[in-house]
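Here's the structure, in structure tokens; my notes come after.
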Amino acid sequence: MSTTKPTKATEATEADGSAKAPYHHGDLRRAVLTAALDVIAADGPSALSLRDLARRAGVSHAAPAHHFKDRTGLLTAIAAEGFGLLAGAIGEAADLKDAGVRYVRFARDHPAHFQVMFAPELLRDGDLELTTARALATDALRHAVSAVPPEGRGPDDRLAGVAAWSLAHGFATLLLGHNLDGAVGERDPEEVFRVLASMLFRAGSD
């Protein structure tokens, strides 16, 4: 995607002939993030260039650095946003199985976020926004696991959480990599995941 739709700020500038910047700061940040997500979805994180993103967003080449400082900062912001979205999705789940389905759905709906979120070598360690969002997502999953009766999750809550995360994350990763095309076929991947979740957690997931 090489161009973006004019924002209200852009339209106002064109209408009154003023020299205002086409984006206020919030618009610019979102425009750069959106352009970055497009690049990652198409070519992966290694294809990111702040100069190229500035061109795509229609701003000066130095503008992205104002918000993200560098490429690592941009990727960290994307990961933080992704964990926030994931936390919100899991937090609305009816039970553990639904939480897993929502995890898989998130990966399918936000593949660029998903690529970056679990690549710590690309991210700024200790970033407060990222750490907070990641903790929220982790807490949402733990809450879903704790709602399963003990006879269904086993004696170790932490390992039960690892099992649930491994199943959802592994399935989502394999699905996005087209490694499950043959096994899933024409079936809805979310329904396939429900069957797998029932195999792992025997109670509290119907």
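The values are calculated or read from the model by the stated rules, or taken from the named source; none is laboratory data. Note that the structure is a prediction, hence the values are computed from the model and not measured. Cβ placement follows ideal geometry from the backbone for every residue including glycine, while neighbour counts extend to all protein chains displayed. Please note that ligands, DNA and RNA were not included when accessible areas were found on the heavy atoms of the full protein model with its side chains. Shrake-Rupley method; radii C 1.70, N 1.55, O 1.52, S 1.80 Å.
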(request) Sort out which residues of segment 36-73 are charged (D, E, K, R), assigned to a helix (DSSP H, G or I) and surrounded by fewer than 19 Cβ atoms within 10 Å (Cβ to Cβ), and write them in order of number. (result) 38, 43, 51, 52, 55, 71
(request) Could you tell me which of the residues 142, 153, 108 is touching a Phe, Trp or Tyr at 6+ places or on another chain (Cβ under 8 Å) and of a type outside the set (Ser, Thr, Tyr)? (result) 153
(message) So if I check each of 112, 80, 89, which one is in contact with a helix residue (DSSP H, G or I) (Cβ under 8 Å, 6 or more places away or on another chain) and farther than 18 Å from residue 36 by Cα?
(response) 89
(request) Please tell me if residue 121 is assigned to a helix (DSSP H, G or I), out of contact with any helix residue (DSSP H, G or I) (no Cβ under 9 Å at 6 or more places or on another chain) and more than 26 Å from residue 153 (Cβ to Cβ). (result) yes
(message) Can you find, within segment 24-35, the residue that is nearest to residue 127 (Cα to Cα) among those that are surrounded by fewer than 20 Cβ atoms within 10 Å (Cβ to Cβ) and in contact with a His (Cβ under 8 Å, 6 or more places away or on another chain)?
(response) 29
(request) Please go through segment 145-197 and pick out each residue that is in a loop (DSSP other than H, G, I, E, B), closer than 17 Å to residue 93 by Cα and open to solvent by less than 60 Å² (accessible area, probe 1.4 Å). (result) 148, 149
(message) Looking at 88, 84 in this structure, which one is surrounded by fewer than 16 Cβ atoms within 10 Å (Cβ to Cβ), assigned to a helix (DSSP H, G or I) and within 14 Å of the chain's Cα centre (by Cα)?
(response) 88
(message) I'm checking my understanding of the structure. Among residues of segment 122-137 that are open to solvent by less than 60 Å² (accessible area, probe 1.4 Å) and of a type in the set (A, V, I, L, M, F, W, C), which one is nearest to residue 89 (Cα to Cα)?
(response) 137
(request) Using the structure shown, decide if residue 106 is under 15 Å from the mean Cα position of the chain (by Cα), surrounded by fewer than 18 Cβ atoms within 10 Å (Cβ to Cβ), under 23 Å from residue 41 (Cα atoms) and not polar (S, T, N, Q). (result) no
